[in-house]
1. Under the condition of being crowded, with 18+ Cβ neighbours inside 10 Å and free of Cβ contacts under 8 Å to residues at least 40 places away in the same chain, which residue from segment 66-85 is farthest from GLY32 (Cα to Cα)?
2. Mind telling me which of the residues GLU249, GLU222 ends up being within 11 Å of ligand 1 (Cβ to nearest atom) and over 19 Å from LEU172 (Cβ atoms)?
3. Pick out, from segment 143-244, the strands (runs of 3 or more DSSP E) lying fully within it that include 3 or more residues that are open to solvent by less than 40 Å² (accessible area, probe 1.4 Å) and within 19 Å of GLY122 (Cα to Cα).
4. Can you run down the residue pairs with Cβ atoms below 8 Å, 6 or more apart or on separate chains, where the first is in segment 96-116 and under 21 Å from LEU18 (Cβ atoms) and the partner is surrounded by fewer than 24 Cβ atoms within 10 Å (Cβ to Cβ) and among the polar types (S, T, N, Q)?
5. How many of the residues in segment 97-111 are in contact with a strand residue (DSSP E or B) (Cβ under 7 Å, 6 or more places away or on another chain) and outside any strand (DSSP E or B)?
6. Would you pick out the residues in segment 245-271 that are assigned to a helix (DSSP H, G or I) and closer than 22 Å to MET180 by Cα?
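The values are calculated or read from the model by the stated rules, or taken from the named source; none is laboratory data. Because the structure is a prediction, the values reported are computed rather than measured. No Cβ is skipped: glycine too gets one built from the backbone with ideal geometry, and neighbour counts run over all protein chains shown. When the accessible area is computed, the model is the full protein with side chains, heavy atoms only, and any ligands, DNA or RNA have been set aside. Shrake-Rupley method; radii C 1.70, N 1.55, O 1.52, S 1.80 Å.
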Amino acid sequence: MEEDVLYHLDLGTKTHNLPAMFGDVKFVCVGGSPNRMRAFAQFMHKELGLAGDGEDLADICAGTDRYAMYRAGPVLSISHGMGIPSISIMLHELIKLLHHAKCRDVTIIRIGTSGGLGVEAGSVVITDMAVDSSFKPRFEQVVLDDVVVRSTELDRDLAEELLTCSKEIPDLPTLIGHTMCTYDFYEGQGRLDGALCSFSSEKKLDYLKRAYNAGVRNIEMESTAFAALCRLCGLRAAVVCVVLLDRLEGDQIRAPREVLREFQHRPQRLIAAFIRKRLGLRPPAGNTLCPTE
Ligand SMILES: O=P(O)(O)O[C@H]1O[C@H](CO)[C@@H](O)[C@H]1O
Ligand SMILES: O=c1cc[nH]c(=O)[nH]1
């Protein structure tokens, strides 16, 4: 194309010098909430010892309110909203952005929240395989009037590297497991607390236990599309989500906001340690404070 307009990011090849803006990006972190991704960029700013306090980082996508994007040195932090359609649109434009910017050797990580299966709240799950609601490692994308099935395998070495990293961080219970990706938070994740209750408590527990027996340790809403797109486009990708509750014990997320905020910060601490290690940097002194989101 003579010109490529990245509509939902409010960026483009004619309006922006993408190689100058993004050419040296090495790590891309994505997550649902714009505030979380701003807090993560501010946290990374401090962790990388960059100049200034990082409090006034500008939203690179400020011209649109679809997604928010921040930069801290070689780290790009972007929100993707909730669910597969939202993350897919963002990823298409992000991957084209990385291509136009001539980025090389980029690692992309989703840092999110999830419901656990037989896993204690606050634990961090590193995904080895993203599976669909039938526990299969596949993502079905409708293309024209065909259903195209794509593999959702993630980079195993990267997952192991992250697990090794987690072992050096105090109070960060971390495990590797399958992540189930659904199209909905309520019925789609076997919840009985939505506006509709179309199945019994016994059926719900039977389903969740079958998921557990198939190796699923957490449930969220973007991992299959994320894994499939990144894999097809040759990006090394990982999914790292904190567990907010154990779904074998209930449906409602009742932990106080303060506790949830600290939980949300856990994948960020792990990824910060991983990035610092990759860059050969030591942690800055007194850096363990939880940022505002
Ligand atoms: O914490 P984030 O990244 O938003 O991800 C999880 O939280 C949302 C549901 O509350 C879904 O998008 C799910 O995947
Ligand atoms: O139970 C949960 C919690 C967070 N995100 C989800 O998708 N499910």
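1. GLY73
2. GLU222
3. Qualifying strands (runs of 3 or more DSSP E): 174-181, 216-220.
4. HIS100/THR13
5. Initial filter on segment 97-111 (in contact with a strand residue (DSSP E or B) (Cβ under 7 Å, 6 or more places away or on another chain)): 97, 106-111.
Keeping just the survivors that are outside any strand (DSSP E or B) gives 97, 106.
Result for segment 97-111: 2.
6. Filtering segment 245-271 down to residues assigned to a helix (DSSP H, G or I) leaves 257-271.
Listed by number, the residues that qualify are LEU260, PHE263, GLN264, HIS265, ARG266, PRO267, GLN268, LEU270, ILE271.
So that you can scan it fast, the table gives a plain yes or no per residue for (1) open to solvent by 10 Å² or more (accessible area, probe 1.4 Å); (2) closer than 28 Å to GLY250 by Cα; (3) part of a helix (DSSP H, G or I):
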| position | (1), (2), (3) |
| --- | --- |
| ARG36 | yes, yes, yes |
| ALA39 | no, no, yes |
| MET44 | no, no, yes |
| ASP56 | yes, no, no |
| THR64 | yes, no, no |
| ILE95 | yes, no, yes |
| THR113 | yes, yes, no |
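Results for (1) within 23 Å of PHE226 (Cβ to Cβ); (2) within 16 Å of ligand 1 (Cβ to nearest atom), shown as yes or no for each residue.
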| residue | (1), (2) |
| --- | --- |
| GLU3 | no, no |
| TYR7 | yes, no |
| GLY12 | no, no |
| LEU18 | yes, no |
| PHE27 | yes, no |
| VAL30 | yes, yes |
| ARG36 | yes, yes |
| ALA39 | yes, yes |
| HIS45 | no, no |
